[in-house]
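Since the structure comes first, as structure tokens, the remarks are kept for the end.
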Amino acid sequence: MSDSNFIKRTASIIALASALPGSTVAGGILGTMIDRWLGSAPVGAVVLGALGFAAATVQLLRISNKNPDDIAPPPSS
């Protein structure tokens, strides 16, 4: 396996692994900051956390529906 193929496949796996927690946590943190600024209950954190989760789900579906050969050709034996 060439280094280029390995790097491309590794990058797609890392994108899959980090999309869900990253987007959800980022939405929750941003929502918490908005809640503190507006002095509201944890509505912002819940809403933006849910939006982050939905965005991550869409991103995961897009990544998982890509043909692996489009990312990098399979290794030749």
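The values are calculated or read from the model by the stated rules, or taken from the named source; none is laboratory data. Every value quoted in this text rests on a predicted model; they were computed, and no experiment measured them. Using ideal geometry, Cβ is built from the backbone for each residue, glycine included, and neighbour counts are taken over all protein chains shown.
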**OP:** Starting from region 58-73, keep only residues that are at pLDDT below 75, then list their pairs with residues that are assigned to a loop (DSSP other than H, G, I, E, B) whose Cβ atoms are within a distance under 8 Å, requiring at least 6 positions of separation or different chains.
**Re:** PRO68/PRO74
**OP:** Could you tell me which residue of region 4-29 is farthest from VAL47 (Cα to Cα), considering only residues that are of a type in the set (Ser, Thr, Tyr) and at pLDDT below 85?
**Re:** SER4
Subject >> Residue pairs meeting the criteria (Cβ under 6 Å; at least 6 apart or on separate chains; first touching a residue at least 24 places away in the same chain (Cβ under 8 Å), in region 11-37; second among the aromatic types (Phe, Trp, Tyr)) >> reply: THR24/PHE53
**OP:** Filter region 27-44 for residues that are in a helix (DSSP H, G or I), hydrophobic (A, V, I, L, M, F, W, C) and surrounded by fewer than 16 Cβ atoms within 10 Å (Cβ to Cβ) and give the result.
**Re:** ILE29, MET33, ILE34, TRP37, LEU38, VAL43
Original post:
Which residues, taken from region 9-25, are farther than 14 Å from GLN59 by Cα, surrounded by fewer than 16 Cβ atoms within 10 Å (Cβ to Cβ) and not polar (S, T, N, Q)?
Top reply: ALA11, VAL25
Original post:
Looking only at region 1-38, which residues are among the β-branched types (Val, Ile, Thr) and over 10 Å from the mean Cα position of the chain (by Cα)?
Top reply: ILE7, THR10, ILE13, VAL25, ILE29, THR32, ILE34
Subject >> Matching residues, region 48-69, being surrounded by 15 or more Cβ atoms within 10 Å (Cβ to Cβ) and farther than 30 Å from PHE6 by Cα >> reply: LEU48, GLY49, LEU51
